[in-house]
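Every read-out reported here was derived from the displayed coordinates using simple, explicitly stated rules and does not represent laboratory data. These numbers come from a predicted model, not from an experiment. Don't worry about glycine lacking a Cβ; one is built from the backbone with ideal geometry, like all the others, and counts go over all protein chains shown.
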Amino acid sequence: MPDPVVRLSSLHLRLTGAAGAVNILRDVTLVVEEGCHLAVIGPSGSGKSSLLALTAGLERPTSGTVEITGRNLAAFDEDELATFRGRTIGIVFQSFHLITTMTALENVALPLELAGDADAIRKARRVLAETGLEARSGHLPVELSGGEQQRVALARALVNRPPLLLADEPTGNLDNETGSAVTDLMFDVAAQAGATVMLVTHNPDMARRCQRTVAIENGTCREVA
Ligand SMILES: Nc1ncnc2c1ncn2[C@@H]1O[C@H](COP(=O)(O)OP(=O)(O)OP(=O)(O)O)[C@@H](O)[C@H]1O
Ligand SMILES: [Mg+2]
């Protein structure tokens, strides 16, 4: 049996803010097999974004382990983690997070350039074309609509064919029609890349398009039928 793409074991996340310590996640165990599209739902503040941050290694758990493609993230130092993340995980956020001074094409090429790929621009151009944005490749993010910015973010997340795509309410800032077009595109491009997907969403239609759904409630995670 190959390692699952994601294995979260007994995750606990306790954060200390100005108002004191809060237990965000108390005991989360979750296995996501290769090629699975998993929806993560739950009320606002339940810890969905925190769960994705732990899975991406952007946040370290208070206890428990995060294994991605069989590698325990706790074994990496910050540099190793950044390199591993760059190769293995594509991330799409609700608010796009594009680099404002770079064109669409440069934003998409960035992960490849960071990985030292001499063919970065050509590959980025191809993926951008797959998202229907060839004609916008020279535009800065401010010169793109919300839906276009999210398509650029999606192209950037998938340009180096990572085995895992993490998406945090990727259509939360878009109108229904644009959101649905971006969703179609996300599932298409992820399927072409063979990527496993963890998708945080409040949208039941998006959740239904995933093979599995888990709900985060009271700091734990349960499978929803
Ligand atoms: N640095 C911090 N210190 C203390 N508490 C925090 C910190 N960051 C986030 N929280 C709390 O963690 C909880 C979970 O936040 P998270 O962003 O994961 O929720 P969410 O499920 O993604 O919510 P939403 O659906 O609104 O995006 C929230 O109650 C939030 O107030
Ligand atoms: Mg959130």
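The table below lists the values:
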item	result
Cα-based equivalent ellipsoid of the range 153-223: semi-axis lengths in Å, sorted from largest, via gyration tensor	20, 16, 11
Sequence-distant residues sharing a close amide H with Val92 (under 5 Å, placed H)	Leu166, Ala167, Asp168
Most mobile of Met206, Met186, Met102 in a GNM of the chain (Cα contacts under 10 Å)	Met102
Highest-fluctuation residue, Ser137, Ser180, Ser145 considered, GNM on the chain with Cα pairs under 10 Å	Ser145
At 1.567 mPa s and 4 °C, Stokes D of the chain from Kirkwood alpha-carbon radius, µm² per second	72 µm²/s
Arg222 paired with Arg125, simple spin-label distance in nm, labels 7 Å along Cα-to-beta-carbon	5.3 nm
Per-pair calculated FRET efficiency, R0 = 30 Å: Ala191 and Arg87 via Cβ, rounded to 0.05	0.90
Whether the range 136-184 is rounded, prolate or oblate, judged on the alpha carbon gyration tensor where a/c under 1.5 counts as rounded	oblate
Nearest-0.05 FRET efficiency for Ser9 and Ser44, computed from C-beta distance (R0 25 Å)	0.45
Global geometry of the range 8-91, whether rounded, prolate or oblate, following the gyration tensor of its Cα atoms and the 1.5 cut on a/c	oblate
Mean shadow area of the range 1-41, taken as a quarter of the surface of its Cα convex hull (nm²)	3.9 nm²
HN-Hα J in Hz across the range 10-21 - Karplus 6.51, -1.76, 1.60, θ = phi - 60°, x for Gly and Pro	6, 6, 10, 10, 10, 10, 10, x, 4, 8, x, 8
Electrostatic dipole magnitude of the chain [Cβ: Lys, Arg +1; Asp, Glu -1; Cα centre; debye, to 20]	240 debye
